[in-house]
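First the structure, in the form of structure tokens, and then the observations on it.
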Amino acid sequence: MTSDDTTPPDDFPHGVGNPARRALHAAGYTALDQLPAVSEAELKRLHGMGPKAVGVLRAALEAKGLSFAAE
């Protein structure tokens, strides 16, 4: 188990910090495959979601041939 037991498990990539993970979970997202339904602008509005986390998520989606929803 991780040292931060307050963050639920998910499949978001390494590099997405705990504040961003908590923001994603609070918004109901627990899997990378859910994010193509969300625009980048929507993610950026989540408290705790910074530019680094958005970039890491974008790269992870692109690696799977996916992308954020259109604005």
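The values are calculated or read from the model by the stated rules, or taken from the named source; none is laboratory data. A quick note: this is a predicted structure, and the numbers were derived from the prediction, not measured. The accessibility values were calculated without ligands, DNA or RNA, using every heavy atom of the protein model including side chains. Shrake-Rupley method; radii C 1.70, N 1.55, O 1.52, S 1.80 Å.
Subtracting the Cα-Cα distance of Ser67 and Asn18 from their residue separation scaled by 0.36 nm leaves 15.4 nm. In order along segment 45-58, the phi-based Karplus estimate (6.51 cos²θ - 1.76 cosθ + 1.60, θ = phi - 60°) of 3J(HN,Hα) comes to 7, 6, 5, x, 8, x, x, 5, 4, 4, x, 5, 5, 4 Hz; Gly and Pro are listed as x. Taking amide H as placed 1.01 Å from N in the peptide plane, the amide H of Ser39 sits under 5 Å from that of Ala69, each at least 5 places away or on another chain.
Surface exposure of the chain, expressed per residue as accessible area with a 1.4 Å probe, stands at 60 Å². Computed extension gain for Val38 through Ala26, at 0.36 nm per residue and net of the alpha carbon distance, reaches 2.9 nm. Tell me the carbon and sulfur percent of the accessible area for the chain, rounded to whole percent, probe radius 1.4 Å. Of all accessible area on the chain, carbon and sulfur atoms account for 56 percent.
When the surface is traced with a 1.4 Å probe over the full set of protein chains, Val38 keeps roughly 0 Å² accessible.
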